[in-house]
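Colleague: Dropping a structure here in structure tokens format, bear with me for questions.
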Amino acid sequence: MWERSVGCRQVSNRHDQILKLERPLGVSAAFGRAAQEDLLNIEDQGGAIAFLAKSISAATLAPIGSIETHISWIFLAGDRAFKMKRAVKLPYVDFSTPELRLAACRKEVDLNSATAPGLYLGVKRITREAEGVFAFDGDGELVDAVIEMKRFDQALLLDRMAEAGALTPDLMTQTARMIAHFHAQAPSVHAGRGAANLAAVLDINKAGFATSRVFGEKEVENLDAAFRGALKRHADVLDQREAAGKVRRCHGDLHLRNICLLDGQPCLFDCIEFNDQIATVDVLYDLAFLLMDLWHRDFLELANLVANRYLDETDNEDGFVLLPFLMAIRAAVRAHVTGTQVEESRDPSGTLRTEARAYFDLATELLEERPPHLIAIGGLSGSGKTTVAEALAPHIGAAPGARIVESDRIRKALHGVPPETRLPDKAYRQEVSERVYREMAWRADLILAEGGSVVADAVFDRPPDRLRIEKVAAERRVPFLGVWLDVSPEVMWRRVEQRRAGPSDATVDILSRQLERDAGAITWHRLDAARRPAHVVSNIIALAVEAI
């Protein structure tokens with residue numbers, strides 16, 4: 001449930017088992033099952049599948065396994081994977097003819113080769129030759145098409161890494177930056193207003209729910225009404241973002257299972273190729289699928305980190321407040337897609353139905369409005385401000401938590417360098433620091449004005465800087481909590497000496513100068529930050545509840 005006072009979400013751990021269903025099967029089971037009739041298949045693909053099975057087996061001399069999704073089959077053997085589109089026709093995808101499936105295969109290879117070079121090897125046509133014999137790329141009638149891919153270690157999929165507890169802040173920071181770069185290169189598309197673009201997505205979702213009997217008609221109507229109300233509230237921002245070129249031809253299906261490590265680097269693959277409307281979206285809606293996936297799996301801190309690192313890299317501060325709404329749409333997409341899978345498989349174990357319900361409930365929760373908050377974390381270098389801010393932010397405000405406005409990152413951005421780049425001493429002159437704190441106040445005000453929450457992370461050892469951030473909250477009439485982290489000089493010195501990476505340039509000499517400077521009367525709540533960060537965060541959340 002959501003803790004309404006500060007937006008803290010506490011749910012039990014669960015694994016996302018339905019993004020794709022993996023079933024390593026024997027050849028006869030895999031291909032026999034694939035040929036069975038189901039509710040949505042337009043034609044029997046059994047002949048093409050049997051031919052593909054025989055060809056793969058002869059070429060690889062390896063057992064064949066399969067991965068089944070609601071629109072594709074992926075067959076695995078040796079060092080190769082072969083992907084075939086299912087002959088389905090749904091509200092958002094039409095693979096009902098061989099020609100449509102071939103075009104989709106070619107487009108998939110073209111689009112994904114840019115983000116996962118070397119993974120996609122090409123497309124093979126399956127044709128029916130004389131006397132009904134099937135062949136690859138023959139002269140006869142087109143029957144089907146298949147994509148050939150290099151097979152990679154499934155343990156390198158980010159969803160598998162999530163299940164294994166192998167996702168790290170460093171990896172997710174790399175992932176956020178990779179996505180930011182991908183979006184920066186994606187072409188802008190001006191084909192209608194931003195709000196109209198998302199209204200079309202809501203229409204697709206509504207039609208998608210109609211293909212399943214998992215959800216009641218009334219609850220679907222209520223969810224759709226909640227989405228339409230949220231869309232109306234956010235319409236102006238969405239339209240402004242479209243006019244600014246932030247609606248682009250994106251990935252469209254950007255969840256953990258569609259990100260893998262290639263040569264040690266996170267790469268996107270398996271983008272939406274079958275529906276340009278679905279993939280032509282606000283860049284933050286594209287990002288929201290990954291955020292929702294992490295949130296659904298209870299990786300709250302990683303979801304918050306990805307959102308913050310992405311925003312650090314891009315000009316999207318104006319859209320931060322949209323993220324809960326966009327994540328809710330993504331949860332609804334997963335709900336109706338999973339509901340469709342229930343209809344296809346009959347779901348004898350009830351697992352898919354449970355997962356569909358979990359996504360539906362998450363969408364409902366994400367649409368609940370949360371009041372904005374401003375929490376400022378101050379303290380000298382080595383007091384643990386950034387560690388506390390990053391642990392606190394996921395629990396403040398609406399998902400994926402608060403925007404962290406951090407002085408060290410802003411200082412680096414103002415100088416046009418990456419966060420890890422060390423700046424010269426002149427970058428820390430008083431006039432530069434004054435500019436940094438003004439920028440922090442401006443960004444906090446922008447986010448609060450739109451209804452988002454902020455955690456401001458800086459030394460705040462000068463009274464004017466503390467007053468400036470307090471004034472932002474007062475003028476916006478939002479709850480403010482100022483926290484000062486108290487740590488002994490010995491602990492701070494040790495922490496600064498042991499620091500190896502990050503945006504902070506603090507040294508022992510800088511800390512010594514801070515200790516000599518008079519910070520004035522500190523009226524913020526003083527907390528002992530020599531304790532574990534989790535204990536400090538718990539104290540801050542309790543203080544935030546009292547501050548309302």
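The values are calculated or read from the model by the stated rules, or taken from the named source; none is laboratory data. A quick note: this is a predicted structure, and the numbers were derived from the prediction, not measured. Every residue, glycine among them, receives a Cβ derived from its backbone with ideal geometry; neighbour counts consider all protein chains shown.
Colleague: Against the definition (within 22 Å of the chain's Cα centre (by Cα), within 18 Å of D505 (Cα to Cα) and part of a helix (DSSP H, G or I)), how does R435 come out, yes or no?
Modeller: In short, no.
Colleague: In the stretch 188-235, how many residues are closer than 15 Å to I329 by Cβ and not aromatic (F, W, Y)?
Modeller: The total comes to 28.
Colleague: Can you pull out the residues in the stretch 98-139 that are within 13 Å of M149 (Cα to Cα), of a type in the set (D, E, K, R) and part of a strand (DSSP E or B)?
Modeller: Within the stretch 98-139, just K124 meets the criteria.
One line per residue, one yes/no per condition, for (1) touching a Gly at 6+ places or on another chain (Cβ under 6 Å); (2) touching a residue at least 60 places away in the same chain (Cβ under 8 Å); (3) surrounded by fewer than 24 Cβ atoms within 10 Å (Cβ to Cβ); (4) not small (G, A, S):
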{"residue": "A225", "(1), (2), (3), (4)": "no, no, yes, no"}
{"residue": "L231", "(1), (2), (3), (4)": "no, yes, yes, yes"}
{"residue": "A279", "(1), (2), (3), (4)": "yes, no, yes, no"}
{"residue": "E301", "(1), (2), (3), (4)": "no, yes, yes, yes"}
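Colleague: Can you tell me how many residues in the stretch 176-199 are more than 19 Å from L111 (Cα to Cα) and within 21 Å of the chain's Cα centre (by Cα)?
Modeller: 7
Colleague: Let me ask you something else. Do we find that S453 is of a type in the set (S, T, N, Q) and closer than 18 Å to A376 by Cα in this structure?
Modeller: When the stated conditions are applied, S453 passes them.
Colleague: Still on this structure, please answer the following. Looking at (1) within 30 Å of P98 (Cα to Cα); (2) touching a residue at least 60 places away in the same chain (Cβ under 8 Å), find the lone condition where P169 falls short.
Modeller: Here P169 clears every test but (1).
Colleague: Just need a number here: residues in the stretch 162-179 that are surrounded by fewer than 19 Cβ atoms within 10 Å (Cβ to Cβ), among the small types (G, A, S) and either on the phi > 0 side of the Ramachandran plot or assigned to a helix (DSSP H, G or I) (or both).
Modeller: So the count comes out to 1.
Colleague: Still on this model: From D170, D110, which residue is out of contact with any strand residue (DSSP E or B) (no Cβ under 7 Å at 6 or more places or on another chain), in the same structural domain as L76 (by TED's automatic domain parsing) and among the acidic types (D, E)?
Modeller: Going through D170, D110 in turn, just one is out of contact with any strand residue (DSSP E or B) (no Cβ under 7 Å at 6 or more places or on another chain), in the same structural domain as L76 (by TED's automatic domain parsing) and among the acidic types (D, E): D110.
Colleague: Something else: Going by what's in this entry, would R241 be described as in contact with a Gly (Cβ under 8 Å, 6 or more places away or on another chain) and either at pLDDT 95 or above or in a loop (DSSP other than H, G, I, E, B) (or both)?
Modeller: So R241 fits the description; yes.
Colleague: Quick test of your reading of the structure: R248 fulfils all but one of (1) in a strand (DSSP E or B); (2) farther than 24 Å from D94 by Cα. Name the failing condition by number.
Modeller: Unmet for R248, out of (1) in a strand (DSSP E or B); (2) farther than 24 Å from D94 by Cα: (2).
Colleague: For the list (1) touching a His at 6+ places or on another chain (Cβ under 9 Å); (2) in a helix (DSSP H, G or I); (3) surrounded by fewer than 22 Cβ atoms within 10 Å (Cβ to Cβ), I need the number of the one condition that F325 fails.
Modeller: (3)
Colleague: Still on this structure: Within the stretch 44-60, how many residues turn out to be free of Cβ contacts under 8 Å to residues at least 60 places away in the same chain and hydroxyl-bearing (S, T, Y)?
Modeller: Residues that pass the stated criteria total 2.
Colleague: Could you go through the stretch 455-470 and let me know if any residue there is in contact with a Phe, Trp or Tyr (Cβ under 9 Å, 6 or more places away or on another chain), closer than 17 Å to A389 by Cα and of a type in the set (A, V, I, L, M).
Modeller: yes
Colleague: Also, quick follow-up: Do you know which residues across the stretch 75-97 are hydrophobic (A, V, I, L, M, F, W, C), closer than 23 Å to G339 by Cβ and part of a strand (DSSP E or B)?
Modeller: Passing the criteria: V88, L90, V93.
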